[in-house]
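Below is one structure, written out as structure tokens; comments come after it.
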Amino acid sequence: MNHFRRMTMMRHRSLLLLLLQLFLLHAQGQQDSLSSTDRNLRGDVVSIEQKERKLRSNLDARWKSTKLTTEQKVAMGIFPPEGYTYPVTDTGGGDIPPAQPEGTLTIVDTVEGEAQVDQVMDITANTMTAAARAKNRRLFIRYEPSKWETGWVDHIEDMVTHKSICKTLLNGKHQTENLHKYLELLCTRQLEGPYEGWCYYHDHNHFMWYNSKNKNMFEVFIDKTPLMLEGIDPPPPQPLVFGEGAELIASKFVFLDEVTGQIYEEYIEPLVGTLRFPLAECVKKRPLLADLASFVIPPPSLSRVEGRTILYDVGSSDWSRMEHIVETWSANDASFQWLISYAPNGNEAQDAFLKTVPEAHKSKIFRHYFPLTSAPTKAKTELFLPKKIKDETAPNDYVMLKLDRVVPANLKQQYVQYILDDKSDHIHVDELFWEINAAGNYVLQQYFDANLQADQLASDMTLPDAYYMLQALRKKGIRAHAWI
């Protein structure tokens, strides 16, 4: 019995030793396996870094490749490598003369009732060299709406349904903060010293004073100077400066300069409220707010434009309807070489427009009296302007189209829809002023009733429709504004 117990204990001891040896062997194997895995992981990291460098090198090489156009590269997500610059192309220098058009457009300038010599305008694609035409200094990459605009676009239908636009602007904490920041952003003429904080705005038709220090209310004066500021001359205007945080308020376009390889931004007013001056008709004692144009943000400069700068105007009855754009844009280094205006009634005998134009601009303005049609036509007695613009401008021109109040709403909508539907290789309209009088804009209904004729009101357009069309234009690369 004792012998049997000793044999059993020996077997148990041997079994335990065997199990211990197996455990130690297993642990050693695990350590070897972990070391191997660690080496593999380190190898993978190195491999990934090598792959990333190789991919970046390939992308850089593809960017420099001449086999792809810049439009194809941008569409494929290939952008210039950091620090890369193009060699500057010599375009020959000098002004770019307009070429002979298919048909010249003739006008008669009348001064003090006497007919002067006919002016003939020749406006078609210019004579840029092939090398210069291959590079675009304003290649559109994307449109980035500000957080403020995005919030309005996302909720505009609910705000119209519940008629809460003014309530949101005046009572919503973040909205009022954004609106104060917006007015401060636009302030280029601010007083200093004891009157620090007072801002002056002028759109060549109306002026406004705003106290940026008073955040408890919107202290604004339209076409009237506050008593405390009487006798004080407004300071000269300064360039708009978009500092840190501007992208939260103002929206922007991103462009590529193919000549220098630089990616740059251009800001524009956000789509908020009624699409007019944000406080329009929300402050009942300030009815003229709906007419203010000083909230519109011009481009910073047109110095990159290597073609012509052309403003097409439809519907201005006198110079005052163009003055703000021409003068404000010029102050921002964005002047126009040609001003082409179409009479609202097409009747030369009843038109006194040219008598109101300052002498400084008469040499570059052309007034036409063609009846305008809302659809493309082959008739020589009518004109579909978007098609004409497409035919007589070049990719390196900067073209603005201004559609004024008196233009029938249906005509304006057809023009805009044609521009949106255009699938051409380049944008033929770079900037658009579209006075949108949407019948669904309930805040401005009283203003519309007092200022518009029946055909000037877009009876089938809602305010959300206007928002969506404007943002669609901007996403196409067009600086689209909803007011003039």
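Bear in mind that the values in this text are calculations on the coordinates, not laboratory data. Small disclaimer: the values here were computed from a predicted structure and weren't measured. Because the Cβ atoms are built from the backbone with ideal geometry, glycine has one as well, and the counts that use them run over all protein chains shown.
For this structure, a couple of remarks:
- Each Lys or Arg adds one and each Asp or Glu subtracts one; over the other residues with Cβ under 13 Å from the Cβ of V314, this totals +3.
- Taking Lys and Arg as +1 and Asp and Glu as -1, the other residues whose beta-carbon sits under 14 Å from that of E247 total -2.
- Interchain or long-range residues, amide H under 5 Å from E435's placed H: L403
- Highest average packing first - 329-336, 389-396, 266-273, Cβ atoms within 10 Å: 266-273, 389-396, 329-336
- Under 5 Å from the amide H of I297 lie the amide H atoms of E269, each residue being 5 or more positions distant or on a separate chain, with H modelled from the backbone and absent for Pro and chain starts.
- Highest average first, the peptides 475-482, 186-193, 300-307, 231-238 ordered by how many other beta carbon atoms sit within 10 Å of their residues are 475-482, 300-307, 186-193, 231-238.
- In a fully extended conformation the segment linking H162 and A472 would gain 109.1 nm over its present Cα-Cα distance, using 0.36 nm per residue.
- All other residues whose Cβ lies under 11 angstrom from that of E144 are scored, Lys and Arg at +1 and Asp and Glu at -1, for a net of +1.
- Among 361-367, 195-201, sorting by the average number of other beta carbon atoms lying within 10 angstrom of each residue, highest first, gives 195-201, 361-367.
- Positive-end extreme of charge dipole, the range 363-484 - chosen from Q413, A466, L452 (charges on Cβ): Q413
- In nm, spacing of pseudo-spin labels at A375 and S363 (7 Å Cα→C-beta vector): 4.4 nm
- Of all DSSP bridge pairs formed entirely within the range 271-396, close to 0 percent run antiparallel.
- For the range 388-470, the dipole from Cβ point charges (+1 on Lys and Arg, -1 on Asp and Glu) about the Cα centre works out to 140 debye, to the nearest 20.
- Near H368, the amide H atoms lying under 5 Å from its own belong to S341, Y342, A343; only residues 5 or more places off or on other chains count, and H is placed 1.01 Å from N.
- Gyration tensor verdict on the range 250-363 (Cα atoms; rounded if a/c is under 1.5, prolate if a/b is larger than b/c, oblate otherwise): oblate
- With R₀ fixed at 22 Å, the C-beta to C-beta distance from D333 to L248 puts the FRET efficiency at about 0.25.
- Karplus-derived 3J(HN,Hα), 6.51/-1.76/1.60, for each residue of the range 226-236, Hz, glycine and proline x: x, 3, 5, 10, 4, x, 9, 7, x, x, x
- Table column - 3J(HN,Hα) (Hz), the range 431-443, Karplus curve with 6.51, -1.76, 1.60, x for Gly and Pro: 9, 10, 9, 10, 6, 9, 10, 6, 4, x, 7, 5, 5
- Average Cα contact separation per residue, the range 139-283, under 8 Å, 6 or more apart, as relative contact order %: 34 percent
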